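The values are calculated or read from the model by the stated rules, or taken from the named source; none is laboratory data. Just so you know, these numbers come straight off a predicted model, no measurement behind them. Here Cβ is always computed from backbone atoms with ideal geometry, including for glycine, and neighbour counts include all displayed protein chains.
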Amino acid sequence: MTENLTGTVALVTGASSGIGQATARRLAADGAAVALLARRADRLEELADQLRQDGDTAVVIIGDLTDSDVASAAVETTVTELGRLDTLVNAAGVMLNGPSESSPLQEWDRMVDINLRGLMYVTKAALPHLLAAAENSPRTVADVVNISSVAGRVAAPTVVLYNATKFAVTGATEAWRQEYTTRNLRFSVIEPGRTNSELFAQKDNSDADFTAAFGHVEQLHTEDIADAVAYIVTRPRRVAVNEIVIRPTDQP
């Protein structure tokens, strides 16, 4: 059994591209009103226009979630504009891999700030609204879905800080799941393998080891991950999908 998301509200971070954008489209198609959070205003406005043309409800929120005040304001704007918050999808992320000796500390800081701190800030601000939604929604449940990575399960050389942030996201999600499981707030984590998105274009990650490992792989599509998000949040209250690992068939 699946549940329609009509009457619910979803906030999606990183909605200007990649998994975040695909997820916003999918949740809107399933009936949710969506709040789109990212820094690139032009892309968000384009996405919102497309959704509205399809008859969906979309609100654009431009901001840098690594600022805790901005993250909190984004949640408040969502609730003010759309009336509630039932689903949070933390999809914003960066991957800036490279040898530890030569990788700039600024890149390590950026991964920690976006992949971990930003996720924490938005989740913290969203908790009261999600818990309220779980109490008053006809579905009697609310959801947080965090996008981690297979790099949150298996460490690799030159992926040190990305590994660290994604292991942290996976661990935090499980801890939150245990904390809120009796209050109808479900926490889930999705750990994708190689996916065709802008993540791999954020830095030259085409070193010999990386190419040897993934050059032959038919990559996942961002819509594949959005399908997993939709599967999680459309389960009836009794069903909590805690973790989904999705790898390309060709990926070792």
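So which of Glu45, Glu76, Glu81 ends up being surrounded by fewer than 23 Cβ atoms within 10 Å (Cβ to Cβ) and closer than 14 Å to Ala10 by Cβ?
Glu81
Looking only at the range 1-36, how many residues end up being more than 24 Å from Val239 (Cβ to Cβ) and without any contact (Cβ under 8 Å) to a residue 60 or more places away in the chain?
Looking only at that region, the number is 3.
Can you go through Leu96, Leu51, Leu27 and tell me which one is touching a Ser or Thr at 6+ places or on another chain (Cβ under 8 Å), of a type in the set (A, V, I, L, M) and modelled with pLDDT under 95?
Leu96
Ala156 - would you say it is part of a loop (DSSP other than H, G, I, E, B), of a type in the set (Gly, Ala, Ser) and on the phi < 0 side of the Ramachandran plot?
yes
What is the number of the single condition among (1) among the polar types (S, T, N, Q); (2) part of a loop (DSSP other than H, G, I, E, B); (3) within 22 Å of Ile190 (Cβ to Cβ) that Thr123 does not meet?
Condition not satisfied by Thr123: (2).
Can you pull out every residue in the range 17-49 that is assigned to a strand (DSSP E or B) and either over 14 Å from Ala91 (Cβ atoms) or among the hydroxyl-bearing types (Ser, Thr, Tyr) (or both)?
Ala33
For the range 50-60, give me the residue count where each residue is in a loop (DSSP other than H, G, I, E, B) and either touching a His at 6+ places or on another chain (Cβ under 7 Å) or under 19 Å from Arg84 (Cβ atoms) (or both).
Here the count works out to 2.
Going by the structure shown, is Val12 surrounded by fewer than 24 Cβ atoms within 10 Å (Cβ to Cβ), modelled with pLDDT of 95 or more, in contact with a helix residue (DSSP H, G or I) (Cβ under 9 Å, 6 or more places away or on another chain) and not in a loop (DSSP other than H, G, I, E, B)?
no
For Phe200, indicate whether it is surrounded by 13 or more Cβ atoms within 10 Å (Cβ to Cβ), at pLDDT below 90 and part of a helix (DSSP H, G or I).
Taking the combined requirement at face value, the residue satisfies it.
From the list Ala155, Ala125, which residue is surrounded by fewer than 17 Cβ atoms within 10 Å (Cβ to Cβ) and either in contact with a helix residue (DSSP H, G or I) (Cβ under 7 Å, 6 or more places away or on another chain) or over 30 Å from Glu218 (Cβ atoms) (or both)?
From the options Ala155, Ala125, the qualifying one is Ala155.
For the range 122-149, how many residues are free of Cβ contacts under 8 Å to residues at least 60 places away in the same chain and of a type outside the set (A, V, I, L, M)?
Qualifying residue count, the range 122-149: 9.
Of the numbered conditions (1) surrounded by 17 or more Cβ atoms within 10 Å (Cβ to Cβ); (2) modelled with pLDDT under 95, Gly20 satisfies every one except a single condition; which is it?
Exception for Gly20: condition (2).
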